[in-house]
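A.B. asks: Quick one: structure below, then a few questions.
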Amino acid sequence: MKLAFLLTFISFIILFTACSSVDSDAKKAAQLNKESIGYVKEGDLEEAERAYKEAQEILSRYKGTEKYEEFQSAYNTYMQGETSNN
C-alpha cells in the first residue's frame, strides 16, 4: 500500500515538473524575443541577436517533439501578453 502511494506521488511530481518546465521555457523564450525586439528598437543589434538566438535554442528543444504544441501554445500566450519593451 505504501509503495503504491509512493509511486503515485512520484509520478505526480514528475508530471508536474515536466509541465512547468514547458511553461517556464515558453515564458523565457517569449521574454527573450521581446528583449530582442527592444534591442533592435534601441539599435543594439548584437544584443538583439544574442537574445534571439537564445530564444531559438529553447524553441529548438521542443520542435519535432510531442511537447511542441504545448510549448507553442504557452509561448503564443506569453508573446501576446504584456510587453515591457514597447
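Since every read-out is calculated from the coordinates, none of them should be taken as a lab result. Just so we're clear, the structure is a prediction, and the values are computed from it rather than from any experiment. Using ideal geometry, Cβ is built from the backbone for each residue, glycine included, and neighbour counts are taken over all protein chains shown.
A.B. asks: Once the Cβ-Cβ distance between SER73 and GLU42 is put in as r, and R0 is 41 Å, what FRET efficiency do you end up with, to the nearest 0.05?
C.D. replies: On the way: r = 30 Å, r/R0 = 0.73.
According to the calculation, E is roughly 0.85.
A.B. asks: So, counting K/R as plus one and D/E as minus one, what does the shell of residues with Cβ under 12 Å around LYS67 add up to?
C.D. replies: -3
A.B. asks: Students often forget the sequence filter, so: which lysines lie under 28 Å Cα-Cα from LYS63 once same-chain residues fewer than 8 apart are removed?
C.D. replies: List returned: LYS27, LYS28, LYS34, LYS53.
A.B. asks: If you plug each phi of the stretch 36-53 into the Karplus form 6.51 cos²θ - 1.76 cosθ + 1.60 with θ = phi - 60°, what whole-Hz ³J(HN,Hα) values come out, in order, with x for Gly and Pro?
C.D. replies: Values, residue by residue: 4, 4, x, 5, 4, 4, 7, x, 8, 6, 5, 5, 4, 5, 4, 5, 4, 5 Hz.
A.B. asks: Using the Cβ atoms and a cut-off under 12 Å, what net charge is assigned to the surroundings of ASP44, where Lys and Arg are +1 and Asp and Glu are -1?
C.D. replies: -3
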